[in-house]
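The values are calculated or read from the model by the stated rules, or taken from the named source; none is laboratory data. Given the structure is predicted, the values throughout are model-derived calculations rather than measurements. Every residue, glycine among them, receives a Cβ derived from its backbone with ideal geometry; neighbour counts consider all protein chains shown.
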Amino acid sequence: MSASDLLFHLFAVFTVACALGVVFNKNAVASALCLLLSLVGVAGLFVLLDAFLLAVLLVLVYAGAVVALFLFIIMLLDMQGGDRKKFTKATVVSSTLAGGLLVTGLVSFAQRGQVAVAADVPVVGSTLRSYAEQLFTVYLLPVQIVGFLLLIAMLGVIVLSKKFEGLDDIK
Amino acid sequence: MFDFYFELPLLLRLLLQGTAVSLVLLPRAPPCSMAERKISAWIQGRPGPNRTKPPIAGFLAPLGLVASIPVLGTALQKLGIYQLAADGGKFTFKEDPIPGHVNKFYFVLAPIASMIPALTTVAFVPFGAYFDAAGKLVPVALTNLDVGLLAVFALGSLGVYSLILAGWASNSKYPFLGGVRASAQLISYELSMTLSVLPVFLWVNAPGGQGTLSLFDVVQTQSQPGFWGGTWYAMTMPVSAFIFLVALFAETNRQPFDMPESEADLVGGFHTEYGAFKWSLFFVAEYAHMIVGSGIFCLLFLGGWNPLPWVSFADLAHWLHFADKPLLMGLIAIGLFLAKVGFFIFFFMWVRWTLPRFRYDQVMKLGWQKLLPLSIANLIAYALVIAWIETR
């Protein structure tokens, strides 16, 4: 086993273990910290794929800012987790179904999936320049649409969270 | 001379280099705290620590011997050098209690977590340069990545967690408020900081070149021949430099932005419940942040290891005939760079003892309503100017 294989296994196990920690932790702050570690593990996997920019952006945006905001909100609202809701029949059935589908998909992909040969895949994202060129030429429209979607979501949050007393407040 | 070193396995070499850099960076904190006490004393017109003197016998014998040398010993005593050793001893040997009401695991984790970003960011900062055998200028750095500055920002942004965790795990009022303030403040100023450096990279990444965010290349573009090639970016982009510096103060929690700590209204903020060694770890991290932050400021806006504007380091090496001695050249470059960084450490302290602390609402107003629009306007203005220059 080469060094990068070993690192892959390390990071993969670390990521999944931390992801499980997010789900099973009773304490909201501990969950958020597990999410942080899980993101760092994913960044490590990106580095193994030579996608340095993605790894750095993942740490910068998600680990650095988004999880910090999560923690900020958890602390501000003083959420302590507390007792979990009991599962209802509907959730048990639907989650088993979804989990089964996911496992089937993964198994079938592992057995029969055609992974493109490296030569067929254009090298995109390994250097900043090629990344930027793709982003501003081929993928310009999707990027703009996603950006617009985020803007709408942000406006929606502001509208929903702001308390409007009467018609005058909307103006 | 150093062939044996380059024959070592790569992993071992990297380990040695990393250890060497951390060994230089870590012990910077005690002298910095000493300098802080002395500078604050000078600014406030008092002598500062000048009495401590080790006993000649005892476990500090080597220090005691130096102290008994007639003139030098007294001079060192007046400078407060021995106070440093006394402080170090105190932090190490003092009882380190963990209060009963804290969340123990996270309480211990927080100071340790504060060291991670403080020590990893330095891996992406070049300290100097030398001519290799082929006559090419190569950086003295642990890594010279394409994404250099982004990596520094990414790792630096993890610094907020130690403050949040410390505040939350302490499980009492003032630390909690400090932690919440820290998270809000650091996120707010990160935006202006990132936006303020974009004009520099717009200029560095001229069309046709290979896109890069490497800090070494930023210094290279400030050391070209000609009037515009040799100017430092602090002169051509003063607004960017100013925004970056202000945001740097906020990101390192230095006064006037030390909201998370804020002795006057929060006792000690996030570190109220901490003492002894754990407390000192937070400050080792803070000084390491200051050093790395000032280093990045020098690289981006003050020409890195170039001695003067319009005088590049490579020219200096040729004039003074040390271009063919890589070791000497590297050391001089590091010396020049550290001198600039040292000035900024002094500047940090100077500001701390000159300006009063902001109120929290003023900090937020400054970040979101002044610095952020200013940095966006600055970016657009420079984008237009650079586009005009490039298409001329």
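Within segment B:78-117, the set of residues being part of a loop (DSSP other than H, G, I, E, B) and hydrophobic (A, V, I, L, M, F, W, C) comprises B:ILE98, B:VAL102.
Within segment B:315-327, not a single residue is modelled with pLDDT of 80 or more and among the acidic types (Asp, Glu).
Across segment B:268-307, which residue is nearest to B:VAL180 (Cα to Cα) among those that are among the aromatic types (Phe, Trp, Tyr) and not in a loop (DSSP other than H, G, I, E, B)? Before you say what the answer is, go through the steps one by one.
Let us first name the residues in segment B:268-307 that are among the aromatic types (Phe, Trp, Tyr), namely B:270, B:274, B:277, B:279, B:282-283, B:287, B:297, B:301, B:305.
Still in the running and not in a loop (DSSP other than H, G, I, E, B): B:270, B:277, B:279, B:282-283, B:287, B:297, B:301.
Values: B:PHE270: 9, B:PHE277: 24, B:TRP279: 19, B:PHE282: 17, B:PHE283: 19, B:TYR287: 22, B:PHE297: 27, B:PHE301: 32 Å.
Here the residue is B:PHE270.
Answer yes or no as to whether B:ALA113 is under 27 Å from B:SER183 (Cβ atoms), among the hydrophobic types (A, V, I, L, M, F, W, C), facing chain A (nearest Cβ under 10 Å) and touching a Ser or Thr at 6+ places or on another chain (Cβ under 6 Å).
Numbers: under 27 Å from B:SER183 (Cβ atoms): yes; among the hydrophobic types (A, V, I, L, M, F, W, C): yes; facing chain A (nearest Cβ under 10 Å): yes; touching a Ser or Thr at 6+ places or on another chain (Cβ under 6 Å): yes.
So B:ALA113 fits the description; yes.
What residue, among those in segment A:60-74 that are within 9 Å of chain B (Cβ to nearest Cβ) and of a type in the set (Val, Ile, Thr), is farthest from A:ARG129 (Cα to Cα)? Top of the filtered list is A:ILE74. Every condition in (1) buried (at least 19 other Cβ atoms within 10 Å of the Cβ); (2) within 21 Å of B:PHE301 (Cα to Cα) is met by B:VAL363 except one, and the failing one is (2). Looking at segment A:61-80, can you tell me whether even one residue there is among the charged types (D, E, K, R) and over 22 Å from A:THR15 (Cα atoms)? Taking every residue of segment A:61-80 in turn, at least one turns out to be among the charged types (D, E, K, R) and over 22 Å from A:THR15 (Cα atoms). Right, A:VAL13: farther than 17 Å from B:TYR161 by Cβ, out of contact with any Asp or Glu (no Cβ under 8 Å at 6 or more places or on another chain) and modelled with pLDDT of 90 or more or not? Taking the combined requirement at face value, the residue satisfies it. Considering only residues in segment B:91-103 that are exposed (fewer than 13 other Cβ atoms within 10 Å of the Cβ) and in contact (Cβ under 8 Å) with a residue 24 or more places away in the chain, the one that is farthest from B:TRP168 (Cα to Cα) turns out to be B:THR92.
Do you know which residues across segment B:140-170 are away from every other protein chain (no Cβ under 11 Å) and surrounded by fewer than 24 Cβ atoms within 10 Å (Cβ to Cβ)? It would help to see each step written out before you state the result.
Quick first cut of segment B:140-170, residues away from every other protein chain (no Cβ under 11 Å) only: B:140-142, B:144, B:162, B:166, B:170.
Listed by number, the residues that qualify are B:VAL140, B:ALA141, B:LEU142, B:ASN144.
Among the residues of segment B:351-391, those that are among the hydroxyl-bearing types (Ser, Thr, Tyr) and under 24 Å from B:ALA264 (Cβ atoms) comprise B:THR354, B:TYR360. For residues that are touching a Phe, Trp or Tyr at 6+ places or on another chain (Cβ under 8 Å) and polar (S, T, N, Q), scanning just segment B:144-171, find the one that is nearest to B:GLY268 (Cα to Cα). Among those that are touching a Phe, Trp or Tyr at 6+ places or on another chain (Cβ under 8 Å) and polar (S, T, N, Q), it is B:SER170.
Results for (1) away from every other protein chain (no Cβ under 14 Å); (2) modelled with pLDDT of 85 or more, shown as yes or no for each residue.
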{"site": "A:LEU45", "(1), (2)": "yes, yes"}
{"site": "A:ASP50", "(1), (2)": "no, no"}
{"site": "A:LEU58", "(1), (2)": "no, yes"}
{"site": "A:ASP78", "(1), (2)": "no, no"}
{"site": "A:PHE87", "(1), (2)": "yes, no"}
{"site": "A:ALA90", "(1), (2)": "yes, yes"}
{"site": "A:SER94", "(1), (2)": "yes, yes"}
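Every condition in (1) surrounded by fewer than 24 Cβ atoms within 10 Å (Cβ to Cβ); (2) at pLDDT 85 or above; (3) touching a Leu at 6+ places or on another chain (Cβ under 9 Å) holds for B:LEU177 except the one numbered (2). Listed conditions (1) crowded, with 19+ Cβ neighbours inside 10 Å; (2) under 23 Å from B:VAL363 (Cβ atoms); (3) modelled with pLDDT of 85 or more are all met by B:THR194, apart from (1). Yes or no: segment B:119-138 includes at least one residue that is within 14 Å of chain A (Cβ to nearest Cβ) and surrounded by fewer than 22 Cβ atoms within 10 Å (Cβ to Cβ). Yes, some residue in segment B:119-138 is within 14 Å of chain A (Cβ to nearest Cβ) and surrounded by fewer than 22 Cβ atoms within 10 Å (Cβ to Cβ).
Here B:LEU215 meets the list (1) without any contact (Cβ under 8 Å) to a residue 40 or more places away in the chain; (2) more than 10 Å from chain A (Cβ to nearest Cβ); (3) of a type outside the set (Asp, Glu) almost entirely, failing just condition (1). The residues of segment B:323-336 include none that are more than 18 Å from B:GLY304 (Cβ to Cβ) and either buried (at least 17 other Cβ atoms within 10 Å of the Cβ) or in contact with a strand residue (DSSP E or B) (Cβ under 7 Å, 6 or more places away or on another chain) (or both).
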